Amino acid sequence: MAKAPPKAKDDDIAQIAHEQLHFLPLLPWQREAWHRLTGRMPNLPHGILLTGAAGTGKRRFAEHVAGWLLCDTPTVDGACGHCASCTWLKVGNHPSLLRISREVDAKGKQSRQIKIDQIRDLMPFVQQTGQGWRVVIFEPAESLNTAAANALLKTLEEPAPRVLLILVADQPLQLPATIRSRVQQIPLGRIESEIAIEYVRDEAAVSTEQATLLLGLAGGAPLAATALANMDSFKLRGQWLATWLAILTGRRSVLDAAAYWQKQLPIQSWLDLVRQLLRDVIAEHVGQGRVQTDLDAGQFNQLEKLVTLDTLLDLDRCAVNLIAGQTQNVNAQLVMENMMQRLAMR
């Protein structure tokens, strides 16, 4: 049984907030997967791979599993929240839990990969003997580079007792097949629409219609949809639609629009907003219904007439590449101005 840790310092507050994921209730669409996994106790797999789109609760499930395994007096639904081990979890420094992710350097730049040195440094933790479980969470697991994946594979092939490796991946097919074949895959992204709508409606305190809209914009991911409800980008969709039309018709300059929108939204949020609108205009072009049915239909019709499908597809590819590049240090103003120059083309 773990001894109670010292009281957390003020600097630990942000980490403490993150650790509360251990004690949140299971999400409705995760209960079946939870009972299948925990029903195998004590014969748990040595590695599990949690899959599903971003915003479907994979990290929350991973932390819930970790809390349950490390708890001194676990319940059927998770960690008790009161024992010494749970106290360690709450202050964010449980000695039997590690998280492996992409490193951030002194300048705040995040690596694009999980590297082999991180896996090598993990070995003493995995191989140590002692009472109780040890848990390692890898996120995003698909960012393991080739050398790191090969090093992890050796651990999966020769697992230590009472060690659980939890891999969290939005894009599991980017993981080597050798890794995927040695872990139990648990899909968490298959969510019935009724369950997702009910969750978003209740959590975001919105109507069924608006919950459906939010889920459409979030790709069906309930947690992402709930977060989107309170974002400025969601509230500014109609304004951005009018801005794009004004740029296309020469009623507003690119530099003026870029200066304005840089004050309204961070570059990542603005790019997400751009892509949401692009997807709907593309859908109109190919005869599919758009998601944002609450926006002005006349303005959508104008966009469809002004911009060709090929141009829209090129713009969408550009937006995707720019979104992916936001992990690097970029000049937000320059990115926005360049993208708006592209959006001004027919």
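Rolling a 1.4 angstrom probe over segment 193-246 with all protein chains present gives an accessible area of which 51% lies on carbon and sulfur atoms.
If I stretch the segment between Q185 and N145 completely, what's the gain in nm (0.36 nm per residue apart, minus their alpha carbon distance), one decimal? Walk me through the intermediate numbers first.
Working: separation 40, 0.36 × 40 = 14.40 nm, distance 2.00 nm.
Going from the current span to full extension adds 12.4 nm.
Ranked from largest, the principal axis spans of the Cα set of the chain equal 70, 43, 41 Å. Placing a pseudo-label 7 Å from each Cα along the Cα-to-Cβ vector at C80 and S207 gives an inter-label distance of 4.8 nm.
Given R0 = 45 Å, the distance between the Cβ atoms of A177 and A297 translates into a calculated FRET efficiency of 0.45. Within segment 147-206, the trypsin sites (Lys or Arg not before Pro) that combine a DSSP coil assignment with at most 15 other C-beta atoms in a 10 angstrom radius are R190.
Would you mind giving the three semi-axes, in whole Å and largest first, of the ellipsoid equivalent to segment 191-346 according to its Cα gyration tensor?
Details: eigenvalues 137, 68, 40 Å².
Each semi-axis is √(5λ); the values are 26, 18, 14 Å.
If I stretch the segment between K154 and R120 completely, what's the gain in nm (0.36 nm per residue apart, minus their alpha carbon distance), one decimal? Mind dumping the intermediate values first?
Details: separation 34, 0.36 × 34 = 12.24 nm, distance 1.10 nm.
Contour length minus the Cα-Cα distance gives 11.1 nm.
In Å², and per residue, what accessible area does segment 184-234 have when probed at 1.4 Å with the other protein chains present? Present the calculation step by step, with values, prior to reporting the outcome.
Values: 2540 Å² over 51 residues.
Result: 50 Å² of accessible area for each residue.
A dipole drawn for the chain from +1 and -1 charges on Cβ atoms has a positive end, and of L248, L173, A344 the residue lying farthest that way is L173. Would you mind pulling out the separation of the Cα centroids of segment 115-168 and segment 41-58, in Å? First find each Cα centre; the distance between them is then 15 Å.
The values are calculated or read from the model by the stated rules, or taken from the named source; none is laboratory data. Computed from a prediction, not measured in an experiment: that's the story for all the values here. Cβ sites come from the backbone with ideal geometry, for glycine too, and all protein chains shown count toward neighbours. For accessibility, only protein heavy atoms count, side chains too; no ligands or nucleic acids. Shrake-Rupley method; radii C 1.70, N 1.55, O 1.52, S 1.80 Å.
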